[in-house]
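Colleague: Handing you this structure, nothing more for now.
The values are calculated or read from the model by the stated rules, or taken from the named source; none is laboratory data. No experiment lies behind these values; they were computed from the predicted model shown. Cβ coordinates were reconstructed from backbone atoms using ideal geometry, including for glycine residues, and neighbour counts include every protein chain displayed. Heads up: the accessible areas ignore ligands, DNA and RNA and are worked out on the full protein's heavy atoms, side chains in. Shrake-Rupley method; radii C 1.70, N 1.55, O 1.52, S 1.80 Å.
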Amino acid sequence: MGELLRAEELAFSYREQPVFSEVSFSADEGEYISIIGENGSGKSTLMQLLNGYAKPQAGKVLYQGEDLIKIPASQRAKSIAAIGQNTVMNFPFTCFELVMLGMYPHRARFERTDEKSLSHIRAVMGETDTLSLADKQITQISGGEYQRVLLARALAQRPRLLLLDEAMSDLDVYAKIKMIKLLRKLTREGLTVIAVNHDLSVAYSFSDRILALHGGRLVANGSPYDVFTGEFLKTVFGVKGEITPQNGLCIYDTI
């Protein structure tokens, strides 16, 4: 599988306050990449640049070799799906109707939903354990259930690239691991996932690659086995931790 996305020398500031600069990396088809870093390091801002919602002050993002910012949003939506932090929707859609919205980029205006599309929606909701919520209004479900429905909507888009900004923070540990295992299955089928992740043990256990932001720079870009060391945890997060083959990554104290 080849390269899908490339970030070249990205820089971004809010007014006079620089967030990061000289951020460069690539993402291949079928990769699961976790972006990590302390609060305020620019993870969410980077995700805004990767999905085309914001324009970098320097550098560029290339999607399949084309400048992302020049690709119309309607075209981006056909192959890039994103779930941001605290995505709120108060309109009383049913969960099934909300997931159906993921099909919108692929449908012609006023096109009716056919049985093939309905089957696709039901299959996606089955994979994300949301089919039992189909007839419930989104205003009447829990935060964790809502995050699973948003993931189902994103997958309904049939994306090649899925961008997740803390999109599973409200899931209990069972549901989180189950959803990540689903995404790992989909990466083996060619989906590329880039996810902001505050859970370092999950990032270590399930990622193909780790990108770490710290001090306005990309300070790590490599496999979790290479990136996560005691010195790295101390420098970037100010914590003590250890990695063991049997138990993975364990954080046990602050510095």
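Colleague: I'd like the full set of residues that are assigned to a helix (DSSP H, G or I) and either in contact (Cβ under 8 Å) with a residue 60 or more places away in the chain or open to solvent by 60 Å² or more (accessible area, probe 1.4 Å) (or both), limited to the stretch 72-81.
Modeller: Correct list: A73, S74, Q75.
Colleague: Quick check on my filter: what residues within the stretch 177-198 are of a type in the set (D, E, K, R) and open to solvent by 50 Å² or more (accessible area, probe 1.4 Å)?
Modeller: Hits for the stretch 177-198 are K178, K181, K185, R188, E189.
Colleague: Okay, next question. Of M100, M89, which residue is assigned to a helix (DSSP H, G or I), touching a helix residue (DSSP H, G or I) at 6+ places or on another chain (Cβ under 8 Å), open to solvent by 40 Å² or more (accessible area, probe 1.4 Å) and not hydroxyl-bearing (S, T, Y)?
Modeller: So the residue among M100, M89 that is assigned to a helix (DSSP H, G or I), touching a helix residue (DSSP H, G or I) at 6+ places or on another chain (Cβ under 8 Å), open to solvent by 40 Å² or more (accessible area, probe 1.4 Å) and not hydroxyl-bearing (S, T, Y) is M100.
Colleague: From the set of residues in the stretch 55-81 that are of a type in the set (A, V, I, L, M, F, W, C) and within 20 Å of A154 (Cα to Cα), which is nearest to the chain's Cα centre (by Cα)?
Modeller: In this case the residue turns out to be A81.
Colleague: Among (1) at pLDDT below 95; (2) among the hydroxyl-bearing types (S, T, Y); (3) within 13 Å of the chain's Cα centre (by Cα), there is one condition T192 misses while meeting the rest; what is its number?
Modeller: (1)
Colleague: Please identify the pairs in which a residue from the stretch 182-208 that is on the phi > 0 side of the Ramachandran plot and of a type outside the set (V, I, T) has its Cβ atom under 9 Å from the Cβ atom of a residue that is at pLDDT 95 or above and in a loop (DSSP other than H, G, I, E, B), counting only partners at least 6 apart or on another chain.
Modeller: So the pair list comes out as G190/E29; G190/G30; G190/R160.
Colleague: Also, quick follow-up: What about S41, is it assigned to a loop (DSSP other than H, G, I, E, B), open to solvent by less than 30 Å² (accessible area, probe 1.4 Å), under 22 Å from S223 (Cβ atoms) and touching a strand residue (DSSP E or B) at 6+ places or on another chain (Cβ under 6 Å)?
Modeller: yes
Colleague: Here are some residues: G52, G65, G84. Which one is at positive phi, surrounded by 15 or more Cβ atoms within 10 Å (Cβ to Cβ) and either out of contact with any Cys (no Cβ under 6 Å at 6 or more places or on another chain) or without any contact (Cβ under 8 Å) to a residue 24 or more places away in the chain (or both)?
Modeller: Criteria check complete, one pass: G52.
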